[in-house]
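I have placed the structure first, in the form of structure tokens, so that the comments after it can refer back to it.
The values are calculated or read from the model by the stated rules, or taken from the named source; none is laboratory data. None of the values given here were measured: they were computed from a predicted structure. Reconstructed Cβ throughout: ideal geometry from the backbone, glycine too, with neighbour counts over all protein chains shown.
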Amino acid sequence: MYGLTPFGRSAFSVLNAFNDIDRDFFGGSMAVNSCRTDIRDEGDKYIMESELPGFDKEDIGIDINGSQLTISAEHKTDTEQKDDDGKYIRRERSFGSYKRTFDIAEVDENAISAEYKNGVLILELPKKKPQEPVTRRLEIK
């Protein structure tokens, strides 16, 4: 799976230090990046499966910029219950977002397809066909 790795591997040491502080202070209740992604090499294509539970299809964005593919998702809920006087009995809000970027230099970006079902985003990433080397003869002047 050359090339289909998340960017910023060197930044993980800083991120892990933040996660350690987060776990110690908040008791592990907050995850910085829970968008788990599996990538399989199927020979002529890669299959990428990203877990995005609780998101609607409309909450998910897939953007391609050059040789980078970015998966982002944002979800916001607002629950409100009031008594007969209009006073709050319970009011809860939640917000969640994920963002992952992958190098797709070896992928035919025009043939990528995506499907979302049961909380899993499935991307089919066909590999670029190897180009035959061009042979030509230079004319001597």
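Name every residue in segment 78-124 that is exposed (fewer than 12 other Cβ atoms within 10 Å of the Cβ) and either within 18 Å of CYS35 (Cβ to Cβ) or among the small types (Gly, Ala, Ser) (or both), in order of residue number. Lay out the reasoning, then the answer.
Step one: filter segment 78-124 for residues exposed (fewer than 12 other Cβ atoms within 10 Å of the Cβ), giving 78-95, 110, 113, 115, 117-119.
Result: GLY86, SER94, PHE95, SER113, GLU115, LYS117, ASN118, GLY119.
Please work out if PHE7 is surrounded by fewer than 12 Cβ atoms within 10 Å (Cβ to Cβ), modelled with pLDDT under 85 and not hydroxyl-bearing (Ser, Thr, Tyr). Walk me through how you get there before you give the answer.
On the way: surrounded by fewer than 12 Cβ atoms within 10 Å (Cβ to Cβ): no; modelled with pLDDT under 85: yes; not hydroxyl-bearing (Ser, Thr, Tyr): yes.
Judged against the criteria, PHE7 is not a match.
Please determine, by comparing only the residues of segment 63-77 that are in a strand (DSSP E or B) and without any contact (Cβ under 8 Å) to a residue 12 or more places away in the chain, which one is surrounded by the most Cβ atoms within 10 Å (Cβ to Cβ).
Keep residues of segment 63-77 that are in a strand (DSSP E or B), which gives 63-65, 68-77.
Subsequent filtering for residues that are without any contact (Cβ under 8 Å) to a residue 12 or more places away in the chain retains 63, 65.
On the way: ASP63: 11, ASN65: 9.
Checking each candidate, the answer is ASP63.
In the set LYS99, LYS128, LYS87, LYS117, which member is among the basic types (Lys, Arg), at pLDDT 85 or above and over 24 Å from GLU58 (Cα atoms)?
Values: LYS99 fails: over 24 Å from GLU58 (Cα atoms); LYS87 fails: at pLDDT 85 or above; LYS117 fails: over 24 Å from GLU58 (Cα atoms).
From the options LYS99, LYS128, LYS87, LYS117, the qualifying one is LYS128.
What's the number of the only condition in (1) in a loop (DSSP other than H, G, I, E, B); (2) on the phi < 0 side of the Ramachandran plot that GLY54 fails to meet?
(2)
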